[in-house]
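The structure appears below as structure tokens.
The numbers here are math on the coordinates, done by the rules we state, and not lab data. If you're wondering where the values come from, they're calculated on a predicted model, not measured in any experiment. As a convention, Cβ positions derive from the backbone with ideal geometry for all residues, glycine included, and neighbour counts pool all protein chains shown.
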Amino acid sequence: MTLQEGIMPPLPILDSRVHLWDTGGFAHPWISDIAALNRSFLLQDHDRACGSTRVESIVFIQCEADPSHDMNEARWVMDLARDDARIKAIIARVRLEWALGGCSQGELRKLFHDNALKVCKIQ
């Protein structure tokens, strides 16, 4: 089969920018006025959007949760990663003031102890 026939070749696919959020878990103020987005987007939604295309690996990118919930979002996605091995990396947001003074080194180490969390986007 060829690409011209509309069939994807059997190559491993890495979705390098996946945003998932659970509106029941914590606030994402930026979606409150966008009706089409003001709902949870979970792995099942990602799978449905992919259709028959098989995604083998996923990189989660933080979704601008309310800043007070940055760590909750990171922990939530780490829980998802424990249940779904496709999540290979998590790019989480950590507020600079929290990283510098609002947390202990132990808390920061705990985040990186789970292999899924690869990068913290410090703002």
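Peptide packing: for 27-39, 60-72, the average count of neighbouring Cβ atoms within 10 Å per residue gives the ranking 60-72, 27-39, highest mean first. Calculate, in nm to one decimal, what Arg82 and Leu11 gain on full extension: separation in residues at 0.36 nm each, minus their alpha carbon distance. Gain in length upon complete extension: 23.1 nm.
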